[in-house]
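Here is the structure we will look at.
The values are calculated or read from the model by the stated rules, or taken from the named source; none is laboratory data. Computed from a prediction, not measured in an experiment: that's the story for all the values here. Note: ideal-geometry Cβ built from the backbone for every residue, glycine included; neighbour counts use all protein chains shown.
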Amino acid sequence: MSEQRLERIEIKVDKLSDSLGRIDSTLAAQHESLKEHMRRSYALEAQVEPLRNHVAMVNGVVKFLGLTSMVAAIASAIYAIVHK
């Protein structure tokens, strides 16, 4: 191969090497950012868990009250029919 061609190939390889170096540093920064994001996500999930438990408890109370109301309405209807 000619000297010029080898020199052009070397220049291109150097450019690729520089690009890979920048890609590596970007990847390292993104990895650190991801670790911080994961830490915050876990902390927020821990804060939300008591809220989920409270919502489940409130839903249970509402269902119980609905069932109790339905039973009371049926009993009232039966009472009204029987005591006509």
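Some notes on this structure:
- Some residue of segment 69-83 being outside any helix (DSSP H, G or I), exposed (fewer than 10 other Cβ atoms within 10 Å of the Cβ) and either in contact with a Ser or Thr (Cβ under 9 Å, 6 or more places away or on another chain) or of a type in the set (Lys, Arg) (or both): no
- Residue within segment 7-21 that is at pLDDT below 90 and not in a helix (DSSP H, G or I) present: no
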